[in-house]
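Chemist: So that we are looking at the same thing, I have put the structure below in structure tokens.
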Amino acid sequence: MMLMMVIFSVMSAGLFYASRVPAIQDEINVIVSGKTGTSGEDVGRIAHITFILFTFTSPLLLASALSMVMIFFRWLDRRRV
């Protein structure tokens, strides 16, 4: 159950960062309303870069966190014996 909570929280964080990317916001506006929301502003690429880095690194970070938890539990198990 805890693993499912971690997976869904990572996925929701990814969707949150995706919702802040202007290109994805424009695509959602086209799907929902049929209109593009081009305002002519240069919003920068920070949200887009953050989303891409989060997408590529989140599986690695999740695997390393789970590995650390398993190492900790094994260490506790060895101390009890």
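The values are calculated or read from the model by the stated rules, or taken from the named source; none is laboratory data. Just so we're clear, the structure is a prediction, and the values are computed from it rather than from any experiment. Methodologically, a virtual Cβ is constructed for each residue, glycine included, from the backbone with ideal geometry; neighbour enumeration extends over all protein chains shown. With ligands, DNA and RNA removed, areas are computed over all heavy atoms of the protein, side chains included. Shrake-Rupley method; radii C 1.70, N 1.55, O 1.52, S 1.80 Å.
Chemist: Condition first: modelled with pLDDT of 90 or more and open to solvent by 100 Å² or more (accessible area, probe 1.4 Å). Now tell me which residues in the stretch 59-71 satisfy that.
Modeler: MET68, the sole residue that qualifies.
Chemist: Of all residues in the stretch 10-38, which are under 30 Å from LEU66 (Cβ atoms) and open to solvent by less than 60 Å² (accessible area, probe 1.4 Å)? If you could, list the steps in order and put the result at the bottom.
Modeler: The initial filter retains those residues of the stretch 10-38 that are under 30 Å from LEU66 (Cβ atoms), namely 10-21, 24.
Hits for the stretch 10-38 are VAL10, ALA13, GLY14, ALA18, SER19, VAL21, ILE24.
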